[in-house]
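Read the structure below first, then the notes.
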Amino acid sequence: MIKVVLLAVNAKYVHSSLSVWVIAEGITRFAQSQHDVHVVEATINQKLPDIVELVSVHKPDVIGISSYIWNAGILSELMSLLRERLPGVVIVLGGPEASNNADYWLQNGADYVLNGEGEYIFPQFLDARQGDGSSVLLQRESKTDEPSPCLVFPGEAYLNALKGRLAYIETSRGCPFQCAFCLSARSSVKYFPLDLVKEQIYKLSMADTKTLKFVDRTFNCNAERAYEIFEYVINLDTACTFHFEAAADLFDTHMLTLLEAAPPGRIQFEIGLQSFFEPALKASSRQMNVEKAEQNIRALLRMQNIHIHIDLIAGLPYETLSDFMNGFDRAYALNAHHLQLGFLKLLHGSKLRKQAEEFGIQFTSEPPYEIVCNNWLSAGDIQRLKHTENALQHTYNKGRFLSTLHYVKTATGTRPFSLMESLGANVPNHGTQLEGYVVQIYDYFKGLQGVEERALQDCMIYDWLGMVKGKNAPAFLKNETNHRKHIAEVAGRLLSRNMKREEIAILNSGLGVFVDSNDRNPVTGLYRIYICGIDR
């Protein structure tokens, strides 16, 4: 019997690792010999000696580690510390970061790198060591004709280990599209049996988790199958939220009609637009009907029951800063709940990494291999985009200051990209607490031409009430008058409870405003705001 630790080093505590739990189940099901398997989950924010301690208490003979761009930067040092603590231990790497860069990792701490479907390959590796101690192939290419048993779900131990963290489920593997920046572009699609999928969805929705994320690369590439799963989760009696990565242009009227029936907050969609610039999409082998995607996103948003997250990628071939700015403004105008401005990453194994020299793409040598510049974007352009991304992440994407942003954009006549760029450049947020950040935003916006300070104050106090709970507004936003008592009485009658001081405000416009801090929108995450007149 071999003692095995399967180690996942996650980006955050709230994340769980699907891969190590699937491999653990694969060992149970497919290994010819019995092995003593333990799963250890840590995060990149933990001290490496602490991670070593979590592993070493199990005294493993073999350590399997899942490698990704978020943990690759610490793996060499971590493996060195593991060897110091556990002399003679065998370290096996898998996952996209190692399997697409095997030679590097074999020279920098790993004994073996396994390539392919880990739940099927890792048991074979253990059986080979159990048999005669001889080595197995350092890499094993995944084949599309491998038997279906290699597609498994994690066992009950995964459900018990969640403890409120995000849960993950894989119902299909691979992607029919060939996007040059994605590692899934090289594979066909395998589907898990629907009856087993529904059974696993039910188990996870009843477990200690609030959000279940489907890791399928393009969930709705098979419309009929996607419809059946959407219908199933919509009709479940659960408080769980289901998160899907979807292609917006693949939704049809039949699907949209079904989605309109979803309980508010039941479904979230992450939609990769990536770009509106056709030459960039073509160079990246990105297949998308841009107009249809835009039309369907608007249709989904009109329903007001589904959280919509859309993505753009800066740095694709042929897209200049001006082109990207136009695409950003177009995406912003959709009014999705989250607009992610991401930067091209040249992943090992991706087509674009192999084409980097052709397109003049320079990128960081260390993970996450992010673009520095290319033939169409200078390093200075990238810095401008970084300013924009900083402001976007700390305001719009957190549901903060939404009416303020709309007011300032309208009052100044500024396009969305320019507003976000200027805010990020002049009021950068690198860990600033909200109480300090709101003051800095106010001071910056009130100095812009066209902005009326009293109107700005009103927008910011309105936003403050809707986005926080139990926090007093900064003093500079307060407009103290003797009408507060009247508003408290109106609010108390409407909500049938006594109102707290921080839930009520008087605007410069003369209106009273109060928040129901017990009524949070499950789609937007904002609290419900009421506005009422004041009897003078």
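The values are calculated or read from the model by the stated rules, or taken from the named source; none is laboratory data. The structure displayed is predicted, hence computed values, not measured ones. Virtual Cβ from ideal backbone geometry, glycine too; neighbours counted across all protein chains shown.
State all residues of the range 277-310 that are acidic (Asp, Glu) and surrounded by 16 or more Cβ atoms within 10 Å (Cβ to Cβ); if no residue qualifies, say none.
Glu294
For residues that are part of a loop (DSSP other than H, G, I, E, B) and more than 28 Å from the chain's Cα centre (by Cα), tally how many sit in the range 53-80.
Of the residues in that region, 5 qualify.
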Quick one: which helices (runs of 4 or more DSSP H) sit completely within the range 349-418 and have at least 1 residues that are under 30 Å from Glu452 (Cα atoms) and either in contact with a Cys (Cβ under 6 Å, 6 or more places away or on another chain) or not assigned by TED's automatic domain parsing to the domain that holds Asn115 (or both)? 379-394, 402-412
Any residue at all in the range 12-35 that is among the hydrophobic types (A, V, I, L, M, F, W, C), touching a strand residue (DSSP E or B) at 6+ places or on another chain (Cβ under 7 Å) and over 20 Å from Glu117 (Cβ atoms)? no
Val523 - would you say it is touching a residue at least 40 places away in the same chain (Cβ under 8 Å) and closer than 30 Å to Thr241 by Cβ? yes
Extreme residue, farthest from Leu18 (Cα to Cα), among residues of the range 76-95 that are crowded, with 17+ Cβ neighbours inside 10 Å and touching a Gly at 6+ places or on another chain (Cβ under 7 Å): Met79
I'm trying to understand the selection: among the residues of the range 206-226, which are surrounded by fewer than 20 Cβ atoms within 10 Å (Cβ to Cβ) and out of contact with any helix residue (DSSP H, G or I) (no Cβ under 6 Å at 6 or more places or on another chain)? Met206, Asp208, Lys210, Thr211, Val215, Cys221, Asn222, Ala223, Glu224, Arg225
Does at least one position in the range 167-190 carry a residue that is more than 20 Å from the chain's Cα centre (by Cα) and over 30 Å from Pro368 (Cα atoms)? no
How about the range 379-392: which of its residues are of a type outside the set (Asp, Glu) and touching a residue at least 24 places away in the same chain (Cβ under 8 Å)? Ile382, Arg384, Leu385, Lys386, His387, Thr388, Asn390, Ala391, Leu392
Given (1) in a loop (DSSP other than H, G, I, E, B); (2) modelled with pLDDT of 95 or more; (3) among the basic types (Lys, Arg), identify the lone condition not met by Arg83. (1)
Please specify each residue of the range 463-489 satisfying the condition of being within 28 Å of the chain's Cα centre (by Cα) and either of a type in the set (Lys, Arg) or outside any loop (DSSP other than H, G, I, E, B) (or both). Asp463, Trp464, Leu465, Gly466, Met467, Lys469, Lys471
Among (1) touching a Leu at 6+ places or on another chain (Cβ under 8 Å); (2) surrounded by fewer than 22 Cβ atoms within 10 Å (Cβ to Cβ); (3) assigned to a helix (DSSP H, G or I), Asp50 falls short only on (1)
Over the range 9-23, the set of residues within 19 Å of Lys163 (Cα to Cα) and in a helix (DSSP H, G or I) is Leu18, Ser19, Val20, Trp21, Val22
The range 339-348, residues that are buried (at least 20 other Cβ atoms within 10 Å of the Cβ) and part of a loop (DSSP other than H, G, I, E, B): Leu344, Leu346, Leu347
For the range 505-536, the count of residues that are in a loop (DSSP other than H, G, I, E, B) and over 30 Å from Leu259 (Cα atoms) equals 9
Of the listed residues (Asn508, Asn518, Asn482), the one being of a type outside the set (Val, Ile, Thr), surrounded by fewer than 16 Cβ atoms within 10 Å (Cβ to Cβ) and in contact (Cβ under 8 Å) with a residue 40 or more places away in the chain is Asn508
